[in-house]
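Shown next, in structure tokens, is the structure this report addresses.
None of the figures in this text is laboratory data; all of them are computed from the coordinates on show. Just so you know, these numbers come straight off a predicted model, no measurement behind them. Neighbour counts are summed over all protein chains in view; Cβ atoms, including those assigned to glycine, are modelled from backbone coordinates with ideal geometry.
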Amino acid sequence: MKALVQRVTEARVEVNGEVVGEIERGILLLLGVERDDNEACADRLAQKVAQYRIFEDEQGKMNRSLVDMAGGLLVVSQFTLVADTRKGLRPSFSKGAAPSEGQRLYDYFVEQAGKWIDSVATGCFGANMQVSLINDGPVTFLLET
């Protein structure tokens with residue numbers, strides 16, 4: 001699994017002009033599911049996202065987690081994260097999970113994240129989504145399992 005984690009002051013996702021998920025301060029997470037991923041990968045990633053210290057403490061150091069600051073998590077499916085871009089001028093998606101398995105593990109990840117984080121919102125798996133955010137910092141990390 002690959003997760004592009006962005007610290008945000010706000011984020012939302014729309015489908016057909018309708019807001020389907022939004023958060024205030026927290027993390028916008030773009031999630032890519034690879035062919036060999038499983039529940040154990042999702043478990044590890046959910047815990048890491050919840051406890052990853054990317055928010056500033058009183059001294060201005062990145063020392064607080066999403067759990068510490070009770071922020072929101074917006075999870076958006078992003079199969080292009082798993083693209084192989086090393087050769088040629090067109091990405092290959094052969095590493096990606098089949099759509100049904102990708103959705104199953106996406107849903108499982110969201111469920112596991114909800115065990116750590118009180119406020120979890122999502123996009124719509126497989127839909128054409130418009131994502132809006134204000135990246136705080138900017139602070140962006142790529143996490144992989």
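Directionally averaged projected area (the chain, Cα convex hull): 8.8 nm². Residues considered: ARG12, ARG53, ARG90. Largest GNM mean-square fluctuation over the chain, using C-alpha springs under 10 Å, is found at ARG90.
Each of the peptides 71-80, 16-25 was scored by the mean count of other Cβ atoms within 10 Å over its residues; in descending order, highest first, they stand as 71-80, 16-25.
Cross-link reach is defined here as a Cα-Cα straight distance under 19 Å, omitting same-chain residues fewer than 8 places apart; for LYS48 the lysines meeting it are LYS2, LYS61, LYS115.
Taking amide H positions as modeled 1.01 Å from N, with prolines and chain starts lacking one, the residues under 5 Å from ALA97 and 5 or more places away or on another chain are VAL33, GLU34, ARG35. Against the chain, whose longest principal axis is taken from its Cα atoms, helix 39-51 shows a tilt of about 30°.
State to the nearest 20 debye the size of the charge dipole of the chain about its Cα centre, where the only charges are +1 on K and R beta carbons and -1 on D and E beta carbons. Mind dumping the intermediate values first?
Numbers: 16 positive and 21 negative charges, 119 e Å.
The dipole magnitude comes to about 580 debye.
Stretching the chain fully between GLU18 and GLN47 yields a gain of 7.4 nm (0.36 nm per residue, less the alpha carbon separation). Karplus-derived 3J(HN,Hα) values for the stretch 82-99, using 6.51 cos²θ - 1.76 cosθ + 1.60 with θ = phi - 60°, are 8, 5, 8, 10, 6, 10, x, 10, 10, x, 9, 10, 5, 7, x, 5, 4, x Hz; glycine and proline are entered as x. In this label model, THR140 and ARG64 are separated by 2.4 nm, measuring between points 7 Å along each Cα→Cβ vector.
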